[in-house]
Amino acid sequence: MDDDTPQLSDSVAIVLAAGAGVRMGAGIPKALMPLAGRPLLSWSLLALAEAGIADVVLVAPPGEERPTAMALGEVMRDCTVVPGGANRGRSLAAGLAAGAETAEIILVHDAARPLLSADLVHRAVAGLSDGDGAVVAAPATDTVKIADDDLQIVGTADRSRQWHAQTPQVFRGPAFRGAVDAAAADGFLDEATDCSAIVERAGGLVRIVPNTAPNLKVTTPADLALAEQLLGG
């Protein structure tokens, strides 16, 4: 990274792991499911540690804070574990309140994406450049059709301008905290499914960090099996 790249010495990572994982049908939170010999969430924490981010807030399923902390083992002993909220936005706010009040750089990552690498973390941080945020994203490969309530196609989106947002997503601390506060005040925080949308809505400049490496989100047992194969490789 060059001299203009934001440094990680004053950064915090918020790892969102509060999902119940209903579609997995395992009876335990998705983040605690075993994956290649470790709890699923451990893979993201290992990558963050390798990248040099030591300050991590893990947002766990409400009531599962102790089992989640125990599952971390030696991966990150100083990780702060807090209960999540009723939705992604509220879980994000809980993470911010637990340890990111003054951080200059805030990284948000979904624990359900266990293929995170230190290199991807560094590229995401470097992508901040002169902006307020940087989002790892993959270029769209499918054509998106727009349909009405009767499933009649009313338009075709321009695929050349479409990107599938992933995590990590990295933000300037002051801009991100201000955007989250504004979203909480007007109710958008409860609707947002993507952190960058919160900053965009507040007028922030957010850039894409192109990514073509595997970075799947585990939502089904088939995803879990594929992630195990990729980690094994």
Exercise for the section: Would you kindly compute the Cα radius of gyration of the range 161-216 and its largest Cα-Cα separation (Dmax), both in Å? Expected result: 12.2, 37
Practice task
Residues in the range 83-117, backbone N under 20 Å from the label point at D181 (7 Å along the Cα-to-beta-carbon vector): list them, ranges by number please.
Solution key: 89-108
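Pairs of alpha-carbon atoms within less than 8 angstrom and 6+ residues apart define the contacts here; what relative contact order does the range 33-159 have, in percent?
Numbers: 131 pairs, mean separation 29.1, N = 127.
In percent, rounded to a whole number, it is 23.
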Problem - Shape metrics for the chain, restricted to C-alpha atoms - Rg then Dmax, Å - result: 17.5, 54
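Given Cβ point charges of +1 (Lys, Arg) and -1 (Asp, Glu) and nothing else, what value in debye, to the nearest 20, does the dipole of the chain about its Cα centre take?
Numbers: 17 positive and 29 negative charges, 118 e Å.
That gives a dipole near 560 debye.
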Fill in the blank from the handout: Per the 1/(1 + (r/R0)^6) rule, R0 = 41 Å and r from the Cβ atoms of A49 and D150, FRET efficiency to 0.05 is 0.20
Fill in the blank from the handout: With label points set 7 Å from each Cα along the Cα-to-Cβ direction at T141 and L205, the distance between them in nm comes to 3.2
Practice task
Run the dipole for the range 99-209 about the Cα centre, Lys and Arg Cβ at +1, Asp and Glu Cβ at -1, nothing else charged, and hand back the magnitude in debye, nearest 20.
Solution key: 480
Exercise for the section: Obtain the nm distance between the two label points defined at A97 and A222 by a simple spin-label model: each point lies 7 Å from its Cα along the Cα-to-C-beta direction. Expected result: 3.9
Practice task
For the range 25-111, restrict the atom set to alpha-carbon positions and state the Rg and Dmax in Å.
Solution key: 12.5, 39
Fill in the blank from the handout: Subtracting the Cα-Cα distance of S129 and A86 from 0.36 nm times their residue separation yields 12.2 nm
Problem - Gaussian network model of the chain, springs between alpha carbon atoms under 10 Å - residue of K145, K217, K30 with greatest fluctuation - result: K145
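Order of 78-85, 92-99 by packing, highest average Cβ count within 10 Å first? Mind showing how you got there, number by number?
On the way: 78-85: 18.2, 92-99: 20.4.
Answer by packing, highest mean first, reads 92-99, 78-85.
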Practice task
Mind ranking 11-17, 172-178 by how tightly packed they are, going by the mean number of other C-beta atoms within 10 angstrom, highest first?
Solution key: 11-17, 172-178
Handout entry: Charge context of S9, other residues only, Cβ under 11 angstrom, K/R +1, D/E -1
Key = -3
Fill in the blank from the handout: Semi-axes (Å, rounded, descending) of the ellipsoid equivalent to the range 71-184 per its C-alpha gyration tensor are 30, 18, 17
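Starting with the highest mean, order 107-115, 155-163 by the number of other Cβ atoms within 10 Å, averaged over the residues of each peptide. Intermediate results must be reported in sequence, preceding the final value.
Details: 107-115: 25.3, 155-163: 10.8.
Descending mean neighbour count gives 107-115, 155-163.
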Completion exercise
the chain, Gaussian network, Cα under 10 Å: of D194, D223, D142, the residue fluctuating most is D142
Handout entry: Gap separating the Cα centres of the range 37-88 and the range 158-233, nearest whole Å
Key = 18
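Each value in this text was obtained by applying a stated rule to the coordinates, not by laboratory testing. What you see is a predicted model, and the numbers here were worked out from it, not measured in a lab. FYI the Cβ positions are ideal-geometry reconstructions off the backbone, even for glycines, and counts take in every protein chain you see.
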